[in-house]
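Enquirer: Here you go, one structure.
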């Protein structure tokens, strides 16, 4: 699947602003550029840096919305699964043993095995787990893939609906069409204007302007104005499950989505994606009345232009966004300090430089 629609968004012809600087000694050695959009649930802009209309593929930040039709249909409840299942179905998990066991249990409850899953096989994101598998001579399986929870949810939705299971990942399958319609409804981007391509796990991914992702996360954070009652209820349940189980959404070690949700329990829902996509939502009551950009619920979307392969650009930008919005105040929780401004170290562990934010939202 390689469809692309130019009207889904645009790539700016000028370089995005610098969001993060990397220094060595007293000099800037490299930079991470990107754009940020912050919007309210009604779509009104709150703050931005760079181009809020920059085109992005949502990648894994779409997972809560790909799951929402399953929950809204009522068929999720037929499996008698709990909130942990919702969290792992909206996750890009680290492939830890607890993640594998949970996806196995979800499939067992449905009378299926991992053979039905069509997501990618790759080493666990969690380095300690990956090293252990190598030491033990154990191969990674489809269950270790970060998207196995999402794919399990799609399979269960197809089975409960009487739709074909073996083609659940095809772009024209009802599961994928409903995901597209949900993202359209929540981003205020018409289906005709959403670009599509193939995601890393083999299912369709969606392309919209950056502000569209921010709006979808604003409505995930505060679904109260979503017109459709089943969808409104589904978003509330998914949001609450993600916030209740942050270590299922990411992992126990070095995952920014998990870290910010653990640092501010019940006050943020976070789910990024590949190629530098960051997305967060602040529910009602998350911000103090004195917050500089207002204390209403809001959604945040950002993209790191270079793809954020080292993760440091996105990690630093995420914490700084929350700082400027008034959620993350100094002193930061100890669990976030390593994300906010990581040190550049030499081979002896001495500080040689730093990574720090270089933007101001307006």
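Enquirer: Return the FRET efficiency for the residue pair residue 14, residue 306: r is the Cβ-Cβ distance, R0 is 22 Å, and the value is rounded to the nearest 0.05.
Expert: Between residue 14 and residue 306 the formula returns 0.85.
Enquirer: Okay, next question. Find how much the distance from residue 188 to residue 139 grows on full extension, using 0.36 nm per residue of separation minus their present alpha carbon separation; answer in nm with one decimal.
Expert: Working: separation 49, 0.36 × 49 = 17.64 nm, distance 4.28 nm.
Full extension of this stretch gives 13.4 nm more.
Enquirer: Return the label of the correct value of P(r) over Cα pairs in 20 Å bins from 0, in percent, as calculated from the structure shown, out of [x] 26, 52, 18, 4, 1; [y] 31, 59, 10, 0; [z] 28, 56, 15, 1.
Expert: [y]
Enquirer: Evaluate the distance, in nm, between pseudo-label points positioned 7 Å from the Cα of residue 167 and of residue 228 along their respective Cα→Cβ axes.
Expert: Label-label distance for residue 167 and residue 228, simple model: 2.3 nm.
Enquirer: Please list, short to long, the whole-number percent of alpha-carbon pairs of the stretch 134-268 in consecutive 5 angstrom bins beginning at zero.
Expert: P(r) for the stretch 134-268, in whole percents per bin: 2, 9, 14, 17, 22, 19, 10, 4, 2, 1, 0.
Enquirer: Please label the shape of the stretch 318-362 as rounded, prolate or oblate, based on the square roots a ≥ b ≥ c of the eigenvalues of the alpha-carbon gyration tensor (a/c under 1.5 means rounded; beyond that, a/b larger than b/c means prolate, else oblate).
Expert: Cα axes put the stretch 318-362 in the oblate bin.
Enquirer: Right, something else. How would you classify the stretch 63-192 from its alpha-carbon gyration tensor, with a ≥ b ≥ c the square roots of the eigenvalues: rounded for a/c under 1.5, else prolate if a/b is greater than b/c, otherwise oblate? Before the final figure, lay out the partial values.
Expert: On the way: a/c = 2.01, a/b = 1.67, b/c = 1.20.
Prolate shape, in that a/c is at least 1.5 and a/b is the bigger ratio.
Enquirer: Still on this structure: So what is the relative contact order of the chain, in percent, for Cα pairs below 8 Å that sit 6 or more residues apart?
Expert: Relative contact order, the chain: 24 percent.
Enquirer: If you average 1/r across every pair of different Cα atoms in the stretch 278-325 and take the reciprocal, what Kirkwood value do you get, in Å?
Expert: Final number for the Kirkwood radius of the stretch 278-325 is 11.7 Å.
Enquirer: P(r) of the stretch 1-135 in 10 Å steps, Cα pairs, percent per bin?
Expert: With a bin width of 10 Å, the distribution comes to 9, 24, 26, 27, 12, 2, 0.
Enquirer: Could you calculate, for the stretch 184-249, the ratio of the Cα radius of gyration to the Kirkwood radius, expressed as Rg to Rh?
Expert: Details: Rg = 13.3 Å, Rh = 13.2 Å.
Rg/Rh for the stretch 184-249 comes to 1.01.
Enquirer: What distance in nm lies between label points placed 7 Å from Cα along the C-beta direction at residue 113 and residue 30?
Expert: Spacing of the two 7 Å Cα→Cβ label points: 4.4 nm.
Enquirer: Same structure again: Once all Cα-Cα distances of the stretch 230-362 are split into 5 Å bins that start at 0, what whole-number percent is in each one?
Expert: 2, 10, 19, 23, 21, 13, 7, 3, 1, 1, 0, 0
Enquirer: Using alpha carbon coordinates only, what is the Rg to Rh ratio of the stretch 18-94, with Rh defined as the Kirkwood radius? All intermediate terms of the calculation are to be shown ahead of the outcome.
Expert: On the way: Rg = 19.0 Å, Rh = 16.3 Å.
Rg/Rh for the stretch 18-94 comes to 1.17.
Enquirer: So the label point goes 7 Å from the Cα of residue 352 along Cα→C-beta, right? Which residues of the stretch 275-314 then have their backbone N under 20 Å from it?
Expert: Counting backbone N atoms under 20 Å from the label point, the list is 309-313.
Enquirer: Treat each spin label as a single point 7 Å out from the Cα along the C-beta direction, and report the residue 132 to residue 344 distance in nm.
Expert: Once both label points are built, they end up 3.5 nm from each other.
Enquirer: Given a 10 angstrom Cα cut-off, can you work out which residue in 239, 323, 351 is the most mobile in a GNM of the chain?
Expert: 351
Any read-out appearing in this document is the output of simple, stated calculations on the displayed coordinates, not a laboratory observation. Values in this document were obtained by computation on a predicted structure and should not be read as measured data. FYI the Cβ positions are ideal-geometry reconstructions off the backbone, even for glycines, and counts take in every protein chain you see.
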